[in-house]
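Here's the structure we're looking at; comments come further down.
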Amino acid sequence: MSSLYLVVALAEMAIAALLTVRLGLGPTTSDRIVALNALTTQAMLALLFFAAYADRTSYLDAALWPASFDYLGTIVWARYLERGLL
């Protein structure tokens, strides 16, 4: 079962690599913001699955804090876009 966690973590990192390409090629600022939000989410999921694979609970805190701030960062960027400041 633990090898399945490692496979899922590697698959999440592969998705994160594709999102990195989208982050660089996004034609608009909003496309890049969505790609950054999804990239952070995928990286946190990969870290959570790796924590399950390695049986380390200390990785859970390292994954949950950035994930919660990523959501707030997306809201801030959306407010800037809504006001036309970018």
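The values are calculated or read from the model by the stated rules, or taken from the named source; none is laboratory data. Note that this is a predicted model, so its numbers are computed, not measured. Positions of Cβ are generated from backbone atoms using ideal geometry, with glycine treated the same way; all protein chains shown enter the neighbour counts. The accessibility values were calculated without ligands, DNA or RNA, using every heavy atom of the protein model including side chains. Shrake-Rupley method; radii C 1.70, N 1.55, O 1.52, S 1.80 Å.
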Original post:
Along the stretch 61-73, what does the Karplus equation 6.51 cos²θ - 1.76 cosθ + 1.60 (θ = phi - 60°) give for ³J(HN,Hα), rounded to whole Hz, x for Gly and Pro?
Top reply: 5, 5, 8, 6, 5, x, 5, 6, 6, 5, 4, 5, x
Subject >> Accessible area per residue, Å², the chain with all protein chains present, probe 1.4 Å >> reply: 69
Original post:
What is the distance, in nm, between label points placed 7 Å from the Cα along the Cα-to-Cβ direction at Met1 and at Asp31?
Top reply: 4.3
**OP:** Mind listing the long-range amide H neighbours of Gly26? Cut-off is under 5 Å, sequence gap 5 or more, other chains count too, H placed in the peptide plane at 1.01 Å from N.
**Re:** none
**OP:** Apply 1/(1 + (r/R0)^6) to the Cβ-Cβ distance of Ala11 and Arg79, taking R0 = 22 Å, and write down the FRET efficiency to the nearest 0.05.
**Re:** 0.10
Subject >> Extreme residue, positive dipole direction of the chain, given options Leu23, Ser3, Leu47 (C-beta unit charges) >> reply: Leu23
Subject >> Percent RCO, i.e. relative contact order, over the chain, from Cα pairs under 8 Å lying at least 6 residues apart >> reply: 32
Original post:
For labels at Tyr71 and Thr57 in the simple 7 Å Cα→Cβ model, what's the distance in nm?
Top reply: 2.3
Original post:
According to the square roots a ≥ b ≥ c of the eigenvalues of the Cα gyration tensor, what is the shape class of the chain, taking rounded for a/c under 1.5, prolate for a/b larger than b/c otherwise, and oblate for the remainder?
Top reply: oblate
**OP:** Considering only protein heavy atoms, with the full assembly of protein chains and a 1.4 angstrom probe, order Phe50, Phe69 by accessible area, largest first.
**Re:** Phe69, Phe50
Original post:
Taking the Cα centre of each part, how many Å lie between the stretch 1-36 and the stretch 40-68?
Top reply: 15
Original post:
Taking all protein chains as present, what is the carbon and sulfur share of the accessible area of the chain, in % to the nearest whole number, probe 1.4 Å?
Top reply: 69
